[in-house]
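Working notes for the structure below.
What follows is calculated from the coordinates using simple rules that are stated; it is not laboratory data. In this text the structure is predicted, and so the values were computed from the model without any measurement. We place every Cβ from the backbone using ideal geometry, glycine too, and count neighbours over all the protein chains shown.
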């Protein structure tokens, strides 16, 4: 989550009624619905350029296995491609591309959809702004073209492109012009994968693409979601703010909260810190998206951890339920962190352990607040390890062969199916064996592994 430079109140002024409707493709709507419940992954590929920085968090396949076991459907994979771009040659360093390959394979192995998010953490020379958006969009378009060329043969139901995270330096017309340049560049090599664009473009129909999804982030009311953190020019010093508002437990505003903006937020919190306020906001966003017949994906929501535990749970549950009432896919921020104020789904302050799920004083877990199928079934990573019998395929994607990572059985039955469901082969697999796929056509295949009458499914990409 970058500094939040926008306020959702302006959404209604920038979602203009278009002069004509671009009919969003039915396949796009299907992919939109498949996104379901998601999780953000900031800290890994946003900071991999410097593993000593305070924001860096290492992820392994175990993280993605755990996400899948908890019941998440997709991962919003944040990647700071801008840092790795040589703007003199328009070449992206292969290091970040290989890391991205690995991350996407982790998602595929664990039946997670990837939303590949261009996350410009570096705030460098390819940051869109009103002075450079024409030139910069051409640079970004060329970089995205190369990225799309790399992944054009990946299954389009399992990978979506989000072309720019929270563009705050351009107005809504400039944003649309820049995005069209990037989209047009991608479409020269990849006409299949769905593209996600920031929802504050002035008129999405002028993008002239039927395979797009709009996205926004939700952090209202700001006085609750941002407490204890610095956002923009404002430091939210008042902490312990409840949700919903409760006059008996509402803290006195910190004397460090200075300026009209913070004072107004505090004074208005009795009206804004309510379930009805949040629900009405989301209802308004959904109604306007429906009037344009366009899918709207909520790519981030969450809060800092400076609220009472019950307030955090109430807030997250309220927003999640409102999204789902209106059939809006979402992604919670964030999986794990080592920043002592940002929220993650683990009970961890200033670290990034995954030892204990976040719970309130009544042992109500974050999984329940998020409405995940695993609600109340997990309390720790140790519990997860006892139940997550995941099968790991490697390499994936594969050119000539693949193997299985088996930690608990030497002989299993492996079946490989094509995308139509046709069984291509089946045989017993011995630990360490290589399975030859060199004669198969390139594309997506489904692997079913049977261990002691238990069936496990995975996806394999042949290239």
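What the table shows:
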{"quantity": "Computed label-point distance, nm, for sites residue 50 and residue 450 using a 7 Å Cα→Cβ extension", "calculated": "5.4"}
{"quantity": "Gain on full stretching of the segment that runs from residue 439 to residue 210 - 0.36 nm per residue minus C-alpha separation", "calculated": "78.9 nm"}
{"quantity": "Computed label-point distance, nm, for sites residue 271 and residue 99 using a 7 Å Cα→Cβ extension", "calculated": "4.5"}
{"quantity": "Computed E for residue 138/residue 33 - FRET, C-beta separation, R0 45 angstrom, nearest 0.05", "calculated": "0.85"}
{"quantity": "Inter-label distance for residue 90 and residue 288, nm, one decimal - labels placed 7 Å from Cα along Cα-to-Cβ", "calculated": "3.5"}
{"quantity": "Gap separating the Cα centres of the range 171-199 and the range 58-116, nearest whole Å", "calculated": "20"}
{"quantity": "Linear extension gain, residue 131 paired with residue 25, 0.36 nm per residue minus alpha-carbon span", "calculated": "34.7 nm"}
{"quantity": "Extension gain from residue 325 to residue 258, taking 0.36 nm per residue of separation minus the Cα-Cα distance", "calculated": "20.3 nm"}
